[in-house]
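Below is one structure, written out as structure tokens, with a few remarks after it.
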Amino acid sequence: MFRLQGSKTLAVDLTGDAVKAKNGSMVAYDGRMTFKKMTGGGEGLRGMVSRRLTGEQMTVMEVSGQGTCYFADRASEINLVALHGEKLYVEASNLLATDAGLRTGTTFTGLRGGASGNGLFTTTVEGTGQAAIMSEGKAVLLRVSPQYPLMVDPGAYIAHQGNLRQQLQSGVNFRTLMGEGSGEAFQMRFEGDGLVYVQPSERNTVGGDV
């Protein structure tokens, strides 16, 4: 259903089913399609509250019909993620599209989200199907094992999946070592067994200067 046209355009073939995508990301389509605007970030009261209190929100559209839709956003690199019943944690700004059957929601990240400038919640995608996430530059997929925890700069973090424990720790970060940071620095620490998606371009966050 999901396939890449190059590295920066997502093609989705529909045969009567549907796809949810970031609003305004469709660049072309052929066939017969219907469109419905919806609000992402979680369903129900909890989703409404989390979207209002945090910046973790996204306006999405649902596209259904017969044909092919093409999606892109600011020439970002696109990475396909296949889910088989597990949960993907992803920053809302990095989520391009999901199978309509996947469940989206929000989860509390507390201080990590506040320090990284990404809100107190992060988006979750759960179920069986495909998701497309974006990165500035080609994303790097890093394995975390019980023997080897992983430290990530908050500005470079995109998403993670698997049985991982995540925490924010203070200390010297990469930019501070290079003389580009000031004040109290933070890093994201992942422990357990899973995968972390990192982009080679850092977002502007307050993670290094809180």
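Against the conditions (1) crowded, with 17+ Cβ neighbours inside 10 Å; (2) more than 30 Å from residue 38 (Cα to Cα); (3) at pLDDT below 90; (4) out of contact with any helix residue (DSSP H, G or I) (no Cβ under 8 Å at 6 or more places or on another chain), where does residue 172 fall short? Just the number, please.
Of the numbered conditions (1) crowded, with 17+ Cβ neighbours inside 10 Å; (2) more than 30 Å from residue 38 (Cα to Cα); (3) at pLDDT below 90; (4) out of contact with any helix residue (DSSP H, G or I) (no Cβ under 8 Å at 6 or more places or on another chain), the odd one out for residue 172 is (1).
What do you reckon, is residue 113 under 16 Å from the mean Cα position of the chain (by Cα) and at pLDDT below 85? Steps first, please.
Numbers: under 16 Å from the mean Cα position of the chain (by Cα): yes; at pLDDT below 85: yes.
When the stated conditions are applied, residue 113 passes them.
So, in the stretch 1-26, how many residues would count as being in a strand (DSSP E or B) and either under 19 Å from residue 75 (Cα atoms) or basic (Lys, Arg) (or both)?
Here is the first cut: in the stretch 1-26, the residues in a strand (DSSP E or B) are 2-5, 9-22, 26.
This time we only want the ones that are either under 19 Å from residue 75 (Cα atoms) or basic (Lys, Arg) (or both), so: 2-5, 9-12, 20-22, 26.
Result for the stretch 1-26: 12.
Are there any pairs with C-beta distances below 6 angstrom linking a residue in the stretch 12-33 that is closer than 15 Å to residue 96 by Cβ to a residue that is acidic (Asp, Glu) and outside any strand (DSSP E or B), with the two at least 6 apart or on different chains, and if so which?
So the pair list comes out as 25/73.
Results for (1) modelled with pLDDT of 95 or more; (2) crowded, with 19+ Cβ neighbours inside 10 Å; (3) over 24 Å from residue 153 (Cα atoms), shown as yes or no for each residue.
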| residue | (1), (2), (3) |
| --- | --- |
| 3 | yes, no, yes |
| 6 | no, no, yes |
| 28 | yes, no, yes |
| 41 | no, yes, no |
| 52 | no, no, yes |
| 60 | no, yes, yes |
| 67 | yes, no, yes |
| 81 | yes, yes, no |
| 94 | no, yes, no |
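Run residue 203 past the list (1) modelled with pLDDT under 60; (2) under 20 Å from residue 138 (Cβ atoms); (3) open to solvent by less than 50 Å² (accessible area, probe 1.4 Å) and report the number of the one that doesn't hold.
Unmet condition: (1).
The values are calculated or read from the model by the stated rules, or taken from the named source; none is laboratory data. Computed from a predicted model, the values in this text were never measured in an experiment. So basically every Cβ, Gly included, is an ideal-geometry build from the backbone, and we count neighbours across all protein chains shown. Heavy atoms of the whole protein, side chains included, go into the accessibility calculation; ligands, DNA and RNA do not. Shrake-Rupley method; radii C 1.70, N 1.55, O 1.52, S 1.80 Å.
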